[in-house]
Amino acid sequence: MGRVEELRDLETAKQVARLLEAENERLHQRLLALVQENARLKGQEAQAQLQLELTHLKEQLVLMQQRLFGASSEKRGEKPPKVERVRPQRGHGPRAQPELKVQEVLLPLDEADQVCGLCGNGLHPWEGQTEDSEEVTVVERCFVLRQLKRQKYRCTQGCAPVTAPTPPRLIPGGRYSVEFAIHVALMKYGFHLPLARQERLYAREGLAVEAQTLWDQLEALARHLQKSYEALLAEVFTSPLIHADETHWFLLDKGPGTKWYAWTVASPDTVYHRILPSRSGATARTVLGDYKGLVLVDGYAAYQTATKAGADGPAPATLAFCWAHVRRKFFEAQKFAPACQQVLQLIAELYGIEKDLPDWSALSGEARQAALAHRLAVRQQHSAPVVQRIQQWALSQRAMPGSAFRKALEYMLHLWSGLTVFLSHPVVPLDNNHVERQLRDMVLGRKNHYGSKSQRGTEVAALFYSLIETARLRGEEPGRYLRRAALAAIESPGTVTLPTRQD
């Protein structure tokens, strides 16, 4: 049986759940006999110990079923009240299409119909008079084999002839244009279409090309963009706050492949991915480097190891922890501990306070400083008392060892110092959802093409995901940006071109 997180078919997942439930029942019975025998030998009360173990097993079963079939905790339960906003009407009437090219089509009468139905005389066009409407249509994509004829010139005095220059080439002497390689990159890393599917799609449209040839274009394009990709990390580290997270990625070079990990660091408008073979604290230290600002993360211990003070000095970075992860723990535990509803409501109050605070990252200069000062004042006045109530509530609770409720309490209290960092640092948001959104494309890509076939494939994937997502964050169309950066690097190797921040 495969691992649960690798199951993609719903019916298979249901069968696995039924098997697990049956196995759980068998273990209940076995546990009952063992606990009673153990208690008899030790002279202990069997029933209390048995109930503890059975309750723990039942919690695990319910949580497993919820993770398999339930909705995300971010989409259920009580949510902070939303601000009423006036939005344009959707779903009725035509929508403006400012990005579409406009094509005017004049529709004349057939020659046989150009006769007046009243008097029988001929009809003539009424110049400048039309009845107008519009429709959205599609013009099929067309691959073209361009034959490039470079004009030659000769001097009237018999000097050496001159030939018009060749357009920029992705690969010297190559047959495919820069624009073609960018299109393939966007299809794979922007829209998650594997190269094998692109090969079949293009064949339907008249282009005979192999997946290996498509990969060759991606690899060549990535070499030209390497310096721009490397510059993203320094760009991320200029921010006073960064987000960090990781997810698994498969390297498919041998057999079923080996599990690698996509590590991501992100500032509000820049993303940098790396795919590495380990998820250890040493790897986290490599990813964070010598960054000395605030790092918002989940509770994974590798980040705490990476930023721990040592013999060589104090911790280089300050960790802040994610309230969304705390909320998820209590949301799962509320099935067994109704007391969790109280802390969920308090966390909702924190989010309610945050929703009206200005976004500092979109501002600069005095406007940014004023926004940060306002965020700090509101949090100290309104958020701090709520956080204190959450701590008092947690310390007053009693939970059964090993239960989901106990684990949620321990998770929160263990991370408490980092969960309260946002009260004194106004740049820190409540949660790490920003970087989780930036990992979403990699997760979708992993689902569609399963991973990378080589280590070079992991490097190319990290590069394109980073550049495409950064362009989107900054408001520049990714294809336009990649073309601009690639042409600059071909003309002058090593040129760094980053996406432009759009106002």
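Once you charge only the Cβ atoms, +1 for Lys and Arg and -1 for Asp and Glu, what is the size of the charge dipole of the stretch 84-183 about its Cα centre, to the nearest 20 debye?
1420
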Subtracting the Cα-Cα distance of K308 and V144 from 0.36 nm times their residue separation yields 53.3 nm
If unit charges are put on Cβ atoms (+1 for Lys and Arg, -1 for Asp and Glu) and the dipole of the stretch 338-407 is taken about its Cα centre, the option from V386, I353, G402 lying farthest towards the positive end turns out to be G402
Residues meeting the amide H criterion for Y261 (H placed from the backbone, H to H distance under 5 Å, 5 or more places apart or on another chain) are W249, L276, S278
Quick calc, V115 & A373: beta-carbon distance into FRET formula, R0 60 Å, rounding 0.05, result 0.15
Out of T286, M412, S424 - ranked by how far each Cα lies towards the positive end of the dipole of the stretch 285-431, with unit charges on the beta-carbon of charged residues - the top one is M412
Of the candidates L195, H224, A208, the farthest towards the positive dipole end of the stretch 173-247 (Lys/Arg Cβ +1, Asp/Glu Cβ -1, centred on the Cα centre) is A208
Exposure-ranked with fewest Cβ neighbours within 10 Å first, L415, L463 stand as L415, L463
Hull surface over four for the Cα convex hull of the stretch 323-431, reported in nm², is 6.6
The size of the Cβ-based charge dipole (Lys, Arg +1; Asp, Glu -1) of the stretch 323-431 about the Cα centre, to the nearest 20 debye, is 420
Once both label points are put 7 Å beyond Cα along the C-beta direction, the E366-S417 separation in nm becomes 3.9
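No lab work stands behind these numbers, since they all come straight from the coordinates. Since this is a predicted model, take the numbers as computed values, not measurements. No Cβ is skipped: glycine too gets one built from the backbone with ideal geometry, and neighbour counts run over all protein chains shown.
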